[in-house]
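To start, the structure itself, in structure tokens.
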Amino acid sequence: MALSSMTGFARGHGVAGSYAWSWEIKSVNAKGLDLRLRLPPGWDAIEVPARARAAETLSRGTAYANLTVERKGVATTVKVNEPVLSAVLATLKRLHERVEAAPATLDGILSLKGVIEITEEDEREEDRRAAEAAILEGFDNALGELVAMRREEGATLGRVLSERLKEIAALAARAEAAPGRKPEAIKARLAEQVATLLSASTRFDSDRLHQEAIMLASKADIREELDRLASHVAQAQKLLADGGPVGRRLDFLAQELNRESNTLTAKANDVELTNIGLELKSAVEQFREQVQNLE
């Protein structure tokens, strides 16, 4: 399966009978799937099937879908609501008898809510159902375009993430080969430190210092961190190769990579290993940031 980003955009439009419609869909990053629909009044029947189709197509991301519908070529009828007009005129007459004011104008009266009614030709049920079917088909097509864009971006993200994993593996290999982590180097540094302490005072217990040196050497060993880094990198590479909605699992691995890089840096006992650890942390952070965009 292909990798997919969570960001994308798609637009579609069409005509069904007297109805002209258009969809606009965009998606952004999110922890789960959240479809936010904006439908014109009277088109609520679209919501349930649209949500079901989005759930079948998308795994993660917040998707904003906006539908606009317009009826064209339909005769418009304008008429006066006689009961409302009569009530308005009667009220105006009574007020005129009680309050001195300029007489009401025709345009002022007609602008009152309910006096003028503008209606369109009644729609037929079969026309409405056909329009709903066409609009849902248009939604499917727009979703398809959105998915295509998300997959195109996902392919680019996959290449970027693969490069970051190669960088992490190369830095781990540098740490593996660093002279400063060899037992001989650790022993020499500890021996030098012990000798310095013994020369400063005769009150130090050499046996106790030897035991402490062994403990320090054990704590400085980064073998476990290197092994776990290699394991996490291998798992991440497999997930990228398998594709599909792997964003959550890669995010978990990114957290594990970050934990191991932090521990390795903390254990570093010379300048070279410290610098490698800092580079490693930077590479892992870049990997984690890019993973946030994957579905």
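The values are calculated or read from the model by the stated rules, or taken from the named source; none is laboratory data. All figures in this text were calculated on a predicted structure; none of them were measured in a lab. Cβ: placed from backbone, ideal geometry, glycine included. Neighbour counts: every protein chain shown.
Filter the range 255-272 for residues that are surrounded by fewer than 22 Cβ atoms within 10 Å (Cβ to Cβ) and part of a helix (DSSP H, G or I) and give the result. Walk me through it before giving the result.
Let us first name the residues in the range 255-272 that are surrounded by fewer than 22 Cβ atoms within 10 Å (Cβ to Cβ), namely 255-256, 258-259, 262-263, 265-272.
Within the range 255-272, 255, 256, 258, 259, 262, 263, 265, 266, 267, 271, 272 meet the criteria.
Kindly indicate whether residue 242 is within 28 Å of residue 58 (Cα to Cα) and at pLDDT below 95. Considered against the rule, which asks whether it is within 28 Å of residue 58 (Cα to Cα) and at pLDDT below 95, residue 242 comes out as yes.
Considering only residues in the range 54-93 that are charged (D, E, K, R) and touching a Ser or Thr at 6+ places or on another chain (Cβ under 8 Å), the one that is modelled with the lowest pLDDT turns out to be 79. Restricting 65, 55 to those that are surrounded by 17 or more Cβ atoms within 10 Å (Cβ to Cβ), in contact with a Leu (Cβ under 7 Å, 6 or more places away or on another chain) and farther than 30 Å from residue 110 by Cα reduces the list to 65.
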